[in-house]
Amino acid sequence: MKRKISCAVLMVLLSVSVLFAAGQQEKDTGKGAPGKSIVAVCLPSLDNPLMLGIGDSMKNTFKDQKVDVSSANGDPNEQAAQIQNYIAMKVAMIVVMPVEASAIAEALKEARASGIKVVVNGTKMDDGVYDAMASVNQYLVGQYTSLMAKHWIDEVYADAAPGSIEALLLTDSQSEDSVARSNGILSIAEKYRKNKDGDYIDNDNNVVGESKKV
């Protein structure tokens with residue numbers, strides 16, 4: 001798990017470092033302490049190792065800049081308000097992991113229009129709201145989560161009779177990402193291949209009718 005978290009943090013840092021360097025060549029925008037640009041990091045929460053790791057790694061990477069890390073506490077409206085505040089502060093860059101993409105799209109467009117570089121991580125968003133984006137397939141994340149649980153059960157309860165171990169699957173419907181991830185988790189109970197919307201798909205991920213289900 002630690003290695004997976006490190007890889008996720010590295011993906012964020014690579015995209016941010018390249019874009020920040022490019023932005024500094026253009027112009028020095030937001031100012032914190034004298035001579036320091038502000039890098040704003042908007043995270044959905046700070047209650048898990050991944051979020052804490054991203055915040056700490058950003059601070060360690062940009063030691064010559066002021067890094068401001070904020071938590072939206074799972075509230076998309078609070079995150080939108082934080083972005084508006086960073087726009088008013090004229091920060092150099094906003095790095096955001098959205099709580100709900102649609103809730104912050106307009107604010108990110110406004111940030112870019114004012115000259116602020118925007119990096120979106122973890123969620124796929126439409127063109128025009130970011131300068132760089134690092135996203136993941138949330139449905140696939142859910143599928144791998146179930147697969148990891150399956151392997152753990154197989155190892156810990158190796159002598160159990162087939163079907164004797166019950167599992168509770170917890171889902172989340174707060175955002176489009178969480179729904180896709182939850183559907184991926186639930187896919188372990190599906191006999192046939194389906195996509196995140198519940199459509200039957202073939203081995204090439206093409207949507208097919210019931211007669212061609214795999």
Review point. If you scan region 153-174, which residues turn out to be under 21 Å from the mean Cα position of the chain (by Cα) and either among the small types (Gly, Ala, Ser) or farther than 30 Å from residue 72 by Cβ (or both)?
Key: 173
Review point. Could we say that residue 154 is among the acidic types (Asp, Glu) and open to solvent by less than 70 Å² (accessible area, probe 1.4 Å) here?
Key: no
Practice item. Looking only at region 134-151, count how many residues are among the polar types (S, T, N, Q), at pLDDT 90 or above, open to solvent by 50 Å² or more (accessible area, probe 1.4 Å) and out of contact with any Gly (no Cβ under 6 Å at 6 or more places or on another chain). Key: 1
Check your understanding: Do we find that residue 131 is under 30 Å from residue 114 (Cα atoms), at pLDDT 90 or above and of a type outside the set (S, T, N, Q) in this structure?
Key -> yes
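For region 198-214, what are the residues that are at negative phi and either in contact (Cβ under 8 Å) with a residue 12 or more places away in the chain or open to solvent by less than 100 Å² (accessible area, probe 1.4 Å) (or both)?
Residues of region 198-214 that are at negative phi, as a first pass: 199-204, 206-214.
Of everything in region 198-214, those that are at negative phi and either in contact (Cβ under 8 Å) with a residue 12 or more places away in the chain or open to solvent by less than 100 Å² (accessible area, probe 1.4 Å) (or both) turn out to be 199, 200, 201, 202, 206, 207, 208, 209, 212, 213, 214.
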Practice item. Taking only region 163-197 into account, find how many residues are closer than 24 Å to residue 97 by Cβ, exposed (fewer than 10 other Cβ atoms within 10 Å of the Cβ) and of a type in the set (S, T, N, Q). Key: 1
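Is there a residue in region 115-135 that is part of a helix (DSSP H, G or I) and either in contact with a Lys or Arg (Cβ under 7 Å, 6 or more places away or on another chain) or closer than 15 Å to residue 41 by Cβ (or both)? Outline the logic, then answer.
Taking region 115-135 as the starting set, the residues that turn out to be part of a helix (DSSP H, G or I) are none.
There is no residue in region 115-135 that is part of a helix (DSSP H, G or I) and either in contact with a Lys or Arg (Cβ under 7 Å, 6 or more places away or on another chain) or closer than 15 Å to residue 41 by Cβ (or both).
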Check your understanding: Is one or more of the residues making up region 175-187 under 17 Å from the mean Cα position of the chain (by Cα) and in a loop (DSSP other than H, G, I, E, B)?
Key -> yes
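The values are calculated or read from the model by the stated rules, or taken from the named source; none is laboratory data. All figures in this text were calculated on a predicted structure; none of them were measured in a lab. Methodologically, a virtual Cβ is constructed for each residue, glycine included, from the backbone with ideal geometry; neighbour enumeration extends over all protein chains shown. To get the accessible areas, we keep the full protein, side chains included, count just its heavy atoms, and leave off ligands, DNA and RNA. Shrake-Rupley method; radii C 1.70, N 1.55, O 1.52, S 1.80 Å.
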